[in-house]
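Accompanying notes for the structure given below.
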Amino acid sequence: MVLTKKYPLLLCRLFSVLLLGTAVLTSTATQAEKIHVLKFATLAPAGTTWVRLLHDWANEVRKESRGRLVFKIYPGGVQGDEPEVLKKIRFGQLQGGAFTGYGIGQIYSPARVLELPFLFDNIEEIDYVRKRFMPEIEQGYRDNGYELLGWMEVGFVYFFSKAPIDSLDDLNERRIWNWQGDPLGQAFFEASGLSPVPLSIIDVYTSLSTGLIDTVYAPPLGAIAMQWFTKTQYITNVPMANGIGSLVVSRRFFQNLPQDLQKILKRSGAITGEILVAATRKDNIDSLQTLQDRGMIMVEATESLENEALQKIRIRAGESLMKNGYIPEATINRVNQWLQDFRDEQAAEAPNAAE
């Protein structure tokens, strides 16, 4: 009789426990299935190698995360120039982007030592130095509120012009574009004794059309992607620098992701960066040939654009950037030492290879 009377009470308690358990499981499942949206901007136009590979990356992340982390990619500068994109990331309107050296300079300016004019002779030198410098770059991003997901390049940068340029005197006569607000570009032009026309990258095509400028600098793939080659006829055969790039998200967004999604984003971002470097290098070689096949003329440089004069420009530009604190002297010295180490190793191996 006592058990009979208590039975309804036991049922009520059991029912309450079941309801509570269901609620907890439902809440946990809802949290686990929360969709995180990564709004990601780039200057690269839609249809280019860069944007195609970004979409491949986004699809891989969506698949690995089972739809819990999705990209929304904004190509072609629709979100503005790189300073504007970084501003939107700080305000939470965007979460990440693919940046060139200009944007990287606003994240962690010492990384731009890799873009010093006339620093590298070939990609082997670039890879050797970058490998040793990368841990410092990654920590520098993190210290400044960003997470580096992948490293990329835009490639060796050439002058594209409406008139042939084969000397520093020729450069001095040209109306050369400089990316407005870019300290490294300004240091290069000052070191070369040139007075460029500062403009946003978004205004370059129109300014070439109107004649406000007649010379730009870009990698071959970039000149095609931005259609600048249609307004120029000549390419000077001396690359002025190797343009860097990176795939970045805000540190706040990254830390708010579940740990498994952080791992997916970091791992896939690093792989995508490697793919982008390889693809960009190949496409720049192909693009250079394509531009010549279309009638653009490759201009051979005279002695004033040979090694000795160029190294003087590099040294003066570096001194200027050290003076204003954009790139620390210790960073430049360290990179120069790595570069010398590599060249010494190559020279030591050369006699053995000959034997």
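Just so it is clear, none of the values below were taken in a lab; they were calculated from the coordinates. Please read these numbers as outputs of a predicted model, since none were measured by experiment. Ideal geometry is used to build each Cβ from the backbone, glycine not excepted, and the neighbour counts take in all protein chains shown.
Look through the stretch 109-161, keep the residues that are surrounded by 23 or more Cβ atoms within 10 Å (Cβ to Cβ) and of a type in the set (S, T, Y), and return whichever of them is nearest to T49 (Cα to Cα).
Out of the qualifying residues, it is Y158.
From L184, L148, grab the single residue that is closer than 30 Å to L38 by Cβ, touching a helix residue (DSSP H, G or I) at 6+ places or on another chain (Cβ under 8 Å) and assigned to a strand (DSSP E or B). Spell out how you get there, then give the answer.
Numbers: L184 fails: assigned to a strand (DSSP E or B).
L148 is the lone residue from the list that is closer than 30 Å to L38 by Cβ, touching a helix residue (DSSP H, G or I) at 6+ places or on another chain (Cβ under 8 Å) and assigned to a strand (DSSP E or B).
Among Q289, Q259, Q227, which is on the phi > 0 side of the Ramachandran plot and either buried (at least 22 other Cβ atoms within 10 Å of the Cβ) or free of Cβ contacts under 8 Å to residues at least 40 places away in the same chain (or both)?
Step by step, each of Q289, Q259, Q227 is checked, and only Q227 is on the phi > 0 side of the Ramachandran plot and either buried (at least 22 other Cβ atoms within 10 Å of the Cβ) or free of Cβ contacts under 8 Å to residues at least 40 places away in the same chain (or both).
Go through the stretch 236-248 and give me each residue that's of a type in the set (V, I, T) and surrounded by fewer than 23 Cβ atoms within 10 Å (Cβ to Cβ).
Residues of the stretch 236-248 that are of a type in the set (V, I, T), as a first pass: 236, 238, 244, 248.
Of everything in the stretch 236-248, just one residue is of a type in the set (V, I, T) and surrounded by fewer than 23 Cβ atoms within 10 Å (Cβ to Cβ), namely V238.
So for the stretch 208-222 (the condition being surrounded by fewer than 18 Cβ atoms within 10 Å (Cβ to Cβ) and closer than 26 Å to N284 by Cα), does at least one residue qualify? Before the answer, list the steps.
Applying the first criterion (surrounded by fewer than 18 Cβ atoms within 10 Å (Cβ to Cβ)) to the stretch 208-222 yields 209-212.
Then drop every residue that is not closer than 26 Å to N284 by Cα, which leaves 209.
Looking through the stretch 208-222, at least one residue is surrounded by fewer than 18 Cβ atoms within 10 Å (Cβ to Cβ) and closer than 26 Å to N284 by Cα.
I need the full set of residues from the stretch 49-63 which are within 17 Å of the chain's Cα centre (by Cα) and of a type in the set (V, I, T), in order please.
Within the stretch 49-63, T49, V51 meet the criteria.
Scan the stretch 321-338 for residues that are under 12 Å from V113 (Cα atoms) and in contact with a helix residue (DSSP H, G or I) (Cβ under 7 Å, 6 or more places away or on another chain) and report the count.
Counting residues in the stretch 321-338 that are under 12 Å from V113 (Cα atoms) and in contact with a helix residue (DSSP H, G or I) (Cβ under 7 Å, 6 or more places away or on another chain) gives 9.
Taking the conditions exactly as written (within 25 Å of L321 (Cα to Cα) and without any contact (Cβ under 8 Å) to a residue 12 or more places away in the chain), does P135 satisfy them or not? Can you show your working first?
Values: within 25 Å of L321 (Cα to Cα): yes; without any contact (Cβ under 8 Å) to a residue 12 or more places away in the chain: yes.
Against the criterion (within 25 Å of L321 (Cα to Cα) and without any contact (Cβ under 8 Å) to a residue 12 or more places away in the chain), P135 qualifies.
Exactly one of (1) crowded, with 18+ Cβ neighbours inside 10 Å; (2) in contact with a Ser or Thr (Cβ under 7 Å, 6 or more places away or on another chain); (3) touching a residue at least 40 places away in the same chain (Cβ under 8 Å) is unmet by P75. Its number?
Tallying (1) crowded, with 18+ Cβ neighbours inside 10 Å; (2) in contact with a Ser or Thr (Cβ under 7 Å, 6 or more places away or on another chain); (3) touching a residue at least 40 places away in the same chain (Cβ under 8 Å), P75 fails exactly one: (3).
Given I213, I235, which one is at negative phi, in a loop (DSSP other than H, G, I, E, B) and in contact with a Phe, Trp or Tyr (Cβ under 6 Å, 6 or more places away or on another chain)?
Numbers: I235 fails: in a loop (DSSP other than H, G, I, E, B).
Criteria check complete, one pass: I213.
Which ones in the stretch 151-166 are out of contact with any Asp or Glu (no Cβ under 7 Å at 6 or more places or on another chain), closer than 29 Å to T230 by Cα and assigned to a strand (DSSP E or B)?
Passing the criteria: M152, E153, V154, G155, F156, V157, Y158, F159, F160.
Which residue pairs have Cβ atoms under 7 Å apart, sit 6 or more places apart or on different chains, and have a first residue in the stretch 180-204 that is closer than 21 Å to V78 by Cβ and a second that is assigned to a strand (DSSP E or B)?
Qualifying pairs under 7 Å: Q180/P198; Q180/L199; L199/W177; I201/W179; V204/W177; V204/V216.
Identify, from the list Q93, Q106, the residue that is surrounded by fewer than 15 Cβ atoms within 10 Å (Cβ to Cβ) and not aromatic (F, W, Y). Talk me through it step by step, then tell me what you get.
Details: Q106 fails: surrounded by fewer than 15 Cβ atoms within 10 Å (Cβ to Cβ).
Of the residues listed, the single one that is surrounded by fewer than 15 Cβ atoms within 10 Å (Cβ to Cβ) and not aromatic (F, W, Y) is Q93.
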